[in-house]
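Contents: one structure, followed by commentary.
The values are calculated or read from the model by the stated rules, or taken from the named source; none is laboratory data. These numbers come from a predicted model, not from an experiment. Cβ sites come from the backbone with ideal geometry, for glycine too, and all protein chains shown count toward neighbours.
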Amino acid sequence: AQSVTQPDIHITVSEGASLELRCNYSYGATPYLFWYVQSPGQGLQLLLKYFSGDTLVQGIKGFEAEFKRSQSSFNLRKPSVHWSDAAEYFCAVGARAAGNKLTFGGGTRVLVKP
Amino acid sequence: GAVVSQHPSRVICKSGTSVKIECRSLDFQATTMFWYRQFPKQSLMLMATSNEGSKATYEQGVEKDKFLINHASLTLSTLTVTSAHPEDSSFYICSALSGNPADTQYFGPGTRLTVL
């Protein structure tokens with residue numbers, strides 16, 4: 001069965017510092033990979049996705065993620081964090097063959113210190 | 001583009017009543033929509049897949065008679081929580097599967113249901 005692990009429940013980072021959120025997955029084949037962000041009491045906003053091709057993908061708000069097949073990882077990065085990046089981040093995997101159902105990681109809450 | 005709305009954003013109801021939540025894709029057609037439930041400080045749990053013109057597919061453990069899903073058009077899916085009880089209180093989020101770009105879910109803002 002597929003699973004997604006986000007090892008870090010909370011991360012605190014200073015404004016202007018870099019951020020990296022980890023995501024590891026278990027899946028039968030190379031799935032579609034997604035990162036979503038959720039602000040409190042809100043829905044999820046798509047940051048970026050990987051389907052195939054270049055393993056380094058660029059997203060919105062200055063985020064990027066790198067797919068590493070050998071490590072079954074899809075880590076999210078941002079070079080310089082802004083206070084508005086404080087939110088919950090979810091990694092998710094899916095596949096068309098599975099009806100595009102998404103399996104989500106447990107989420108990582110990012111706190112930004114001034 | 002790819003905007004999904006939900007209505008209402010918040011609802012409070014008495015135990016035993018039914019509540020309907022609407023999910024609309026505003027600028028694209030979606031043959032497939034999904035309904036999720038999210039408990040406080042937890043991740044999303046898929047409840048069901050809603051397919052336009054056919055019956056919804058429910059995940060294991062989700063009561064289909066309690067959570068009625070209707071996907072009557074390419075832009076609207078509804079979730080009705082029947083005979084709601086306090087344990088049904090939760091944050092319900094829908095998503096719509098985009099055809100362009102394909103294979104990508106766009107999420108609504110969520111509905112906070114409180115059952116008294």
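General remarks:
- Members of the range B:1-51 that are over 30 Å from A:THR5 (Cβ atoms), touching a Lys or Arg at 6+ places or on another chain (Cβ under 8 Å), not β-branched (Val, Ile, Thr) and not in a loop (DSSP other than H, G, I, E, B): B:SER5, B:HIS7, B:ARG10
- Of all the criteria given as (1) more than 27 Å from B:SER9 (Cβ to Cβ); (2) touching a residue at least 12 places away in the same chain (Cβ under 8 Å); (3) within 14 Å of chain B (Cβ to nearest Cβ); (4) assigned to a loop (DSSP other than H, G, I, E, B), the one not satisfied by A:VAL93 is (4).
- A:SER84 meets the conditions (1) in contact (Cβ under 8 Å) with a residue 40 or more places away in the chain; (2) more than 14 Å from chain B (Cβ to nearest Cβ) in every case but one. The failed one is (1).
- Residues that are touching a Lys or Arg at 6+ places or on another chain (Cβ under 7 Å) and at the interface with chain A (Cβ under 10 Å from one of its Cβ atoms), drawn from the range B:80-110: B:PHE91, B:ASP103, B:THR104
- Of residues in the range B:88-112 being over 12 Å from B:ARG24 (Cα atoms) and of a type in the set (A, V, I, L, M, F, W, C), the one surrounded by the fewest Cβ atoms within 10 Å (Cβ to Cβ): B:ALA102
- For the range A:41-57, the set of residues classified as of a type in the set (D, E, K, R) and away from every other protein chain (no Cβ under 11 Å) consists of A:ASP54 only.
- Selection status of A:VAL110, modelled with pLDDT of 95 or more, of a type outside the set (Ser, Thr, Tyr) and outside any loop (DSSP other than H, G, I, E, B): yes
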